[in-house]
């Protein structure tokens with residue numbers, strides 16, 4: 001018999017039997033009810049079986065179907081030839097059909113599985129190794145992979161969002177699904193199981209850090225971006241960015257837009273009071289606050305640098321209202337980010353077709369804790385995210401000068417410290433208690449960053465007398481601090497830690513400046 005002779009064509013047959021075993025029961029009962037109306041026999045396990053019975057649906061337990069009990073506290077229940085044989089045998093292979101008949105293995109045409117919540121479990125910083133291990137799903141991925149391998153004959157669903165698509169397919173194809181659709185679902189399954197395995201590998205590897213563990217990453221293509229750093233560089237976006245940010249309007253995003261959006265969102269989440277920030281090339285060029293009016297906060301931010309906002313990014317931590325939208329619309333802006341946009345503000349800004357409006361979703365509050373991943377020659381680097389302005393606790397106890405800061409200076413230092421951590425190093429920020437006055441970013445020496453910040457303040461017509469200066473890392477020499485003193489700053493917040501700290505403190509004392517050492521630096525590269 002030739003290799004193809006034993007395969008026979010088969011007329012499309014409706015789905016007759018489905019196995020449902022899910023951790024996330026969202027939409028399960030409604031989906032199963034639709035399947036039942038198609039005459040599909042429902043097999044299930046454990047809590048899923050109970051949920052379906054509670055919904056008034058007829059269910060056959062897998063243990064009844066296989067004739068084998070669930071063993072070892074449910075660790076073994078679907079790992080059975082009757083389950084995997086029902087999934088894996090080819091419906092167009094005479095030998096397979098004959099073996100299935102001999103061994104009483106009826107076909108399972110649809111598998112609906114989502115996995116134990118391993119990722120959610122290990123997201124808890126206090127999770128025990130025992131709890132993590134118990135949340136590693138074995139039967140679920142096994143069934144998914146068996147069904148996905150045989151997707152020529154079996155429909156496999158891993159995402160509740162696809163329930164309605166399956167029902168639409170069945171309605172359109174006499175109770176069956178098309179091979180192209182099954183292939184789409186199979187690809188989704190292999191992606192999900194690879195992500196699941198990667199999460200397990202990474203968690204167990206981190207617990208053995210330093211012993212040669214691996215880091216695994218598997219992400220779906222989300223969209224092609226306009227371009228990378230430059231139009232001649234292609235760029236693709238992978239993962240679930242759109243879970244955290246929703247594009248409300250505007251042309252498609254580019255690589256630099258994504259970087260700017262992340263930088264702006266990270267900055268604004270460091271503030272509780274109503275705040276507006278303006279960024280350019282991921283650097284803040286102005287930040288302002290006001291308890292009553294976002295327009296006032298905007299004005300404070302804008303006055304720091306009236307030139308840099310052109311083509312920049314604007315972010316606020318309150319819904320964008322019409323009053324602020326009117327002001328912002330007067331300048332060319334690339335991206336505006338807010339937790340929400342009032343309807344009349346959107347109506348006004350829609351006139352600018354290319355302007356990108358990005359809604360920052362609540363999910364990003366959690367995403368801030370994820371690691372930073374950067375490419376390097378031959379691989380990647382994985383780093384804890386710098387998501388907290390460190391060193392601000394008990395700040396009064398960290399005064400190193402003869403004069404302690406005033407209450408107003410202390411508020412200004414807390415404000416400036418939260419901003420300087422978002423400025424490219426070497427970073428210097430001059431500020432009052434609710435606005436930036438001058439920002440120097442990314443210079444090879446700290447004193448140059450200070451001089452640039454002073455120059456920017458002068459260009460903006462802002463007086464630095466009585467301001468505070470924040471430095472993302474230590475002043476290695478007294479000259480950087482002296483330039484701030486000469487500019488009029490009366491207080492300084494910095495990490496400390498230089499071998500010349502005593503010289504720097506002496507310069508501050510000689511000028512009557514108050515200074516605190518946070519004990520933490522915030523380099524940003």
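Every read-out reported here was derived from the displayed coordinates using simple, explicitly stated rules and does not represent laboratory data. In this text, all values refer to a predicted model and were calculated from it rather than measured experimentally. For neighbour counting, all protein chains shown are included, and Cβ atoms are generated from backbone atoms with ideal geometry for every residue, glycine included.
A few comments on the model shown:
- Reported to the nearest whole Å, the Cα centre-to-centre distance from segment 410-430 to segment 481-525 is 13.
- When Rg and the Kirkwood radius Rh are both evaluated on Cα atoms of the chain, their ratio Rg/Rh stands at 1.11.
- Two-site FRET efficiency, residue 383 against residue 445, from Cβ-Cβ distance with R₀ of 30 Å, rounded to 0.05: 0.75
- Taken over segment 429-492, the alpha-carbon convex hull comes to 74 cubic angstrom per residue.
- Value of Rg to Rh for segment 287-420 (Rh from inverse mean 1/r over Cα pairs, i.e. Kirkwood): 1.05
- Taking the chain and dividing mean pair separation by its residue count, relative contact order in percent (alpha carbons under 8 Å, at least six apart): 8
- Calculated FRET value between residue 79 and residue 292, using beta carbons and R₀ = 60 Å, to 0.05: 0.40
- Percent RCO, i.e. relative contact order, over segment 17-206, from Cα pairs under 8 Å lying at least 6 residues apart: 21
- Global size of segment 240-365 as Cα Rg and Dmax, reported in angstrom: 12.9, 36
- Where a label projected 7 Å from the Cα of residue 511 along Cα→Cβ would reach, residues of segment 474-489 with amide N under 11 Å: 478-489
- Put simply, the convex hull of the Cα atoms in segment 22-92 casts, on average, a shadow of 5.6 nm².
- Across segment 395-517, Cα-Cα pairs more than 21 Å apart make up 25 percent of the total.
- Gap separating the Cα centres of segment 57-88 and segment 387-403, nearest whole Å: 61
- Inter-part distance, segment 250-316 to segment 329-365, computed on C-alpha centroids, equals 12 Å.
- Cα-only Debye scattering, segment 17-206: base-10 log of I(q)/I(0) at q = 0.11, 0.15 Å⁻¹: -0.49, -0.91
- The calculated 222 nm mean residue ellipticity attributable to helices in the chain amounts to -11000 deg cm²/dmol, summing -39500 (n - 2.57) over DSSP H runs of n ≥ 4 and dividing by all residues.
- If R0 equals 25 Å, the separation of the Cβ atoms of residue 258 and residue 25 corresponds to a calculated FRET efficiency of about 0.15.
- Whole-number percent relative contact order across segment 411-525, with pairs defined as alpha carbons under 8 Å at least 6 apart: 25
- Inter-label distance for residue 342 and residue 120, nm, one decimal - labels placed 7 Å from Cα along Cα-to-Cβ: 3.7
- For the pair residue 99 and residue 173, the difference between a 0.36 nm per residue extended length and the Cα-Cα distance amounts to 23.8 nm.
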